[in-house]
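The values are calculated or read from the model by the stated rules, or taken from the named source; none is laboratory data. The structure displayed is predicted, hence computed values, not measured ones. Quick reminder, even Gly has a Cβ in these numbers, built from the backbone with ideal geometry, and neighbours come from all protein chains shown. Calculation scope for accessible area: heavy atoms of the full protein, side chains included, ligands and nucleic acids excluded. Shrake-Rupley method; radii C 1.70, N 1.55, O 1.52, S 1.80 Å.
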Amino acid sequence: MWYINLQNELIVTVKQGKLQGATDTLYDGSTYYSFKGVPYAQPPVGQLRFRAPLPPQSWKGIRQATEYGSICAQTDSVFKGSEDCLFLNVYTTSLHGRTPVMVFIHGGSYITGSGNDDLYGPKFLVQQNVVLVTLNYRLEVLGFLSVETPEVPGNAGMKDQVAALKWIKENIAKFGGDPDNITIFGESVGACSVTHHIASPMTKGLFHKVIAQSGTSVQDGTMSEGSKSRAFRVGKYLGRDTNNTTELLEFLRSLPAANLTNLTIATSTDDEMYRVLPARFFPVVEKKFDNVEAFLSEYPLDTLQSKRIRKVPLMLGYNSAEAIIMIQDRLGKLDIYNNNPSYLRRA
């Protein structure tokens, strides 16, 4: 038996070690189990910053999984999080059986967000007899910088998601989930992400169904253009004006994580300020390098048109009235919008 539940001690054994979870109550009064802050990969820090994640480490003893792990470094009014953020959370009503699994990838323009429950709680979905998994992945510069070299080809944040899916495939049966019935779903850039995974060779066999809420990988603005020149603009903005890739990376790796957030607007061109949403650190088409597995080697639209796209059930749609979440911010800027109509294109 891979789980123990004695005297309120909820312990599950995964490949890396033992996890102690917690119990809570659903809206209908029934019990569910949560395992929070579970490390699915090692964070690439220091000289490994901007690279793909490393395999998860094992631990001795029982790891507490009753609190969320750190969210990934981001600035939303104030700086939050850290680079040690590659955690996922599992919610389930049973630790045995083979229940369908749903994996949620959060939105936030690849700038903000996390798998925590401050915006998206687990109770409604878990009550529908599914095992729910949410996750963090690296954001903005830390997750999507590309200088088109083997060390930093881009798509680090997407490779975090792949690492999470691998962990889920290997371990979800221990939480009562069916590893052969995994649906990935997401909202906004989370929807872009799940449809990117359909086109990526890295995720073959890791999921079986897809739900995309308000976004796809082939819509305008979901791929980063000019990523290498943008990387040098990051360096210039932060104080190192150089055209040397090695010098740039040494400089960026020397900075605190907080310095590498909230840089989207600061590094946008004048033209970009008037186009689509203010989000620029996105997935890229990676150049081919020996011994480097690419997340995307061509544009998803090319993959789709050439019929190399993965054939899985796909549900596409949008969330009614989801922009309500932006009202509070917009109300404070009504005078700006009313007096400067062109500003709306930047908002």
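Worth pointing out:
- Positive-end residue of M326, N171, V45, charge dipole of the chain with Cβ unit charges: N171
- Solvent exposure, largest accessible area first (probe 1.4 Å, DNA, RNA and ligands not counted), of M102, M326: M326, M102
- Nonlocal amide H pairs with D178, under 5 Å, H built at 1.01 Å: T99, V101
- Counting only protein chain heavy atoms and rolling a 1.4 Å probe, the accessible areas of K159, K80, K204 rank, largest first, as K204, K80, K159.
- Which labelled figure in (i) 1.46; (ii) 1.01; (iii) 1.08 is Cα Rg over 2.2 N^0.38 Å, once derived from the coordinates: (ii)
- Each residue of the stretch 69-76 is assigned a 3J(HN,Hα), and the resulting list reads x, 4, 6, 6, 3, 6, 10, 10 Hz, derived from the Karplus form 6.51 cos²θ - 1.76 cosθ + 1.60 (θ = phi - 60°), x at Gly and Pro.
- Computed with a 1.4 Å probe over protein heavy atoms only, the accessible surface of the stretch 200-251 comes to 49 Å² per residue.
- Cysteines of the chain lacking any other cysteine Cβ under 4.7 Å from their own Cβ: C192.
- 3J(HN,Hα) couplings calculated from phi for the stretch 169-185 with the Karplus curve 6.51 cos²θ - 1.76 cosθ + 1.60 (θ = phi - 60°) are, in sequence order, 4, 7, 10, 5, 4, 5, 10, x, x, 9, x, 9, 8, 10, 9, 9, 8 Hz; Gly and Pro show x.
- Around the Cα centre of the chain, unit charges on the Cβ atoms of Lys, Arg, Asp and Glu (plus for the first two, minus for the last two) sum to a dipole of about 600 debye.
- Heavy atoms of the protein chains alone define the surface here; on that basis the stretch 46-115 has 45 Å² accessible area per residue at 1.4 Å probe size.
- Within the chain, antiparallel bridges make up roughly 55 percent of the DSSP beta bridges whose residues both belong there.
- Solvent accessible area, Å² - C192, 1.4 Å probe, full protein context: 10 Å²
- Positive-end residue of L145, F185, G61, charge dipole of the chain with Cβ unit charges: G61
- Calculated mean residue ellipticity, 222 nm, the chain: -6000 deg cm²/dmol, from DSSP H runs (n ≥ 4) at -39500 (n - 2.57) each, averaged per residue and rounded to 500.
- Amide H contacts of V14 (H built 1.01 Å from N, in plane; Pro and chain starts excluded): L19 sit under 5 Å, all sequence-distant by 5 or more or on other chains.
- Computed with a 1.4 Å probe over protein heavy atoms only, the accessible area of R308 comes to about 140 Å².
- The stretch 148-190: radius of gyration and largest Cα-Cα distance (Dmax), Å: 13.7, 41
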